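Asks: Structure in structure tokens, see below.
The values are calculated or read from the model by the stated rules, or taken from the named source; none is laboratory data. None of these values were measured; they are calculated from a predicted model. Cβ coordinates were reconstructed from backbone atoms using ideal geometry, including for glycine residues, and neighbour counts include every protein chain displayed. Areas reflect the complete protein model, heavy atoms only, side chains present, ligands, DNA and RNA absent. Shrake-Rupley method; radii C 1.70, N 1.55, O 1.52, S 1.80 Å.
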Amino acid sequence: MKDKSFFLEGSLVKTIFLFSLPLIFTNLLQVFFSLTDVAVLGRFASAESMGAVGSVSILVFMCTGFLTGFGSGVNSIAAFYIGARNEKSISDTVHTSVIVCFACGLLVCLSGFFLSGPVLRLMGTKELLLDGAIKYFKIYMLGMPALAVYNFGNGILSAEGDTKSPLKYLAFSGFINVVLDLVFVIYFKMDIAGVAIASITAMYVSAFLVSLKLYKRNDSLALRFSKMRVNRSVLHKLIKIGLPAGMQNVIFAFANIFIQIGINSFENQMVIANSAASNSDPLVYNVMSAFYVACSTAIAQNYGAKNKKGILKSCFISCGYAFSSGLILGVLLLVFGRKFLSIFTFEPEIIDLGMQRLEIMAFSYCLSAFMDSALAASRGLGETMIPTIIVIAGSCVFRIVWIYTVFAYFGTVHSLYLLFAFSWVITAVAEFIYFARLYKRISKTI
């Protein structure tokens, strides 16, 4: 196999940036296509349709976030074996991961499809939005097996440094998504069902393309149906690294359900405004997440190659990039917030209410870089269980307590949004303390 241990030589500042750049464009494309769904509904259907889709955004993130987190576990394991130049283990990782990821996607699909109605009712979803929200979520869940396979392929390819191929596949499938959005909603008047069907069609296209890429390879990263079997050692690592990484996103989403419940306590206009303004979240998070993938991949490769100095440098450089990108994007959203919100709605009142969220989040996003960089660094060293527990305590439990104390006392939307910044800072401190101890322990063994 061609040597792809690219994080072991040269300038890490340059290498991490060049590695992350295609990932940034890939993530931005994902955001763009998701925003297209909401924008098409807001412009060519109704504000209620847009609000219905926005009201399930947390549940969608819970499901897709689990699969994305599991894919990051695949990435870390493959990167470790690439750094160690263990070709048999690389092949075992490929074939075990595709089976496990597809099974996880199928499980998420079935769970989401059958539990969508009860969960949305428990969240206090507005009756005006409930039927549309259930319809969108059920259809969207049918794409989860495909999303799981795409995340698997993306994790494998990015582990060896190929972040351009997933970008190309996503661009093509996303183009199909946009075209189908417009055709289904404008021409066929399919409303919410139209954008949902367009989304899952794009998922299956991207899954097919990334699988075909791996099938055409002739090295240890090649995907062969004849080799599809579960390796117990790799399965153990996937459970140890991938499962907690996926559960971290689920836990975040679960805590955010309580935030949505808080939002649902306000009038319909505020709920719709929050749906529009929260579209900024994936825009910022997904740019920052490119540097977290770089962080865990670089650390895993350096860990596999027993390069202690590279581990620390990878963590701090990636964190610096993530913080800077979060701050820059936050400021841009603050300056151009009204134009951003006008993409989704023409109503001035909704835009005014949406700006209340952007004004607080603009300077909060960058704080999440410290927490997520520490999480990615620990994952690169093969540890996710303790970081997950820290996330549960510092970010999720804290948010729930905040909602039933601070928010319950003040009862304002500002007091609700401020919990993001406070929870990120508290969790980041604990996560970096754990990473420092983990690095000290591991550095004695390499």
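Asks: Which ones in the range 174-212 are over 20 Å from Asp37 (Cβ atoms) and either crowded, with 17+ Cβ neighbours inside 10 Å or under 21 Å from the mean Cα position of the chain (by Cα) (or both)?
Replies: Passing the criteria: Phe208, Leu209, Val210, Ser211.
Asks: Okay, moving on. Condition first: surrounded by fewer than 22 Cβ atoms within 10 Å (Cβ to Cβ) and assigned to a helix (DSSP H, G or I). Now tell me which residues in the range 370-387 satisfy that.
Replies: Matches in the range 370-387: Phe370, Met385, Ile386.
Asks: Now for a different question. Please go through the range 225-247 and pick out each residue that is assigned to a helix (DSSP H, G or I), open to solvent by 10 Å² or more (accessible area, probe 1.4 Å) and within 21 Å of Ile90 (Cβ to Cβ).
Replies: Phe225, Ser226, Lys227, Arg232, Ser233, Leu235, His236, Lys237, Ile239, Lys240, Ile241, Leu243
Asks: Out of the residues in the range 107-127 that are hydrophobic (A, V, I, L, M, F, W, C) and in contact (Cβ under 8 Å) with a residue 40 or more places away in the chain, state the one that is farthest from Ile400 (Cα to Cα).
Replies: Among residues in the range 107-127 that are hydrophobic (A, V, I, L, M, F, W, C) and in contact (Cβ under 8 Å) with a residue 40 or more places away in the chain, the one farthest from Ile400 (Cα to Cα) is Val108.
Asks: When you go through (1) closer than 26 Å to Ser173 by Cβ; (2) out of contact with any Ser or Thr (no Cβ under 7 Å at 6 or more places or on another chain); (3) open to solvent by less than 20 Å² (accessible area, probe 1.4 Å) one by one for Val250, which number turns out not to apply?
Replies: Going through (1) closer than 26 Å to Ser173 by Cβ; (2) out of contact with any Ser or Thr (no Cβ under 7 Å at 6 or more places or on another chain); (3) open to solvent by less than 20 Å² (accessible area, probe 1.4 Å) one by one, Val250 breaks only (3).
Asks: Can I ask one more? Mind checking which residues of the range 302-332 are of a type in the set (Ser, Thr, Tyr), open to solvent by 10 Å² or more (accessible area, probe 1.4 Å) and within 26 Å of Phe420 (Cβ to Cβ)?
Replies: Tyr321, Ser324, Ser325
Asks: Could you check the range 303-366 for helices (runs of 4 or more DSSP H) lying wholly inside it with 1 or more residues that are under 30 Å from Glu267 (Cβ atoms) and among the aromatic types (Phe, Trp, Tyr)?
Replies: 337-341
Asks: Separate question: Do we have Ala171 as within 18 Å of the chain's Cα centre (by Cα) and open to solvent by 30 Å² or more (accessible area, probe 1.4 Å) here?
Replies: Considered against the rule, which asks whether it is within 18 Å of the chain's Cα centre (by Cα) and open to solvent by 30 Å² or more (accessible area, probe 1.4 Å), Ala171 comes out as yes.
Asks: Of everything in the range 391-446, what is open to solvent by 50 Å² or more (accessible area, probe 1.4 Å), among the hydrophobic types (A, V, I, L, M, F, W, C), over 21 Å from Ala300 (Cα atoms) and in a helix (DSSP H, G or I)? Give them in sequence order.
Replies: Scanning the range 391-446 gives Ile392, Ala393, Val397, Phe398, Val401, Ala408, Phe410, Phe422, Val425, Ile426, Val429.
Asks: Within the range 409-426, can one find any residue that is under 18 Å from Phe316 (Cα atoms) and in contact (Cβ under 8 Å) with a residue 40 or more places away in the chain?
Replies: Looking through the range 409-426, at least one residue is under 18 Å from Phe316 (Cα atoms) and in contact (Cβ under 8 Å) with a residue 40 or more places away in the chain.
Asks: Another one. Within the range 126-144, which residues are within 11 Å of Ser199 (Cα to Cα) and open to solvent by 20 Å² or more (accessible area, probe 1.4 Å)?
Replies: Ile139, Tyr140, Leu142
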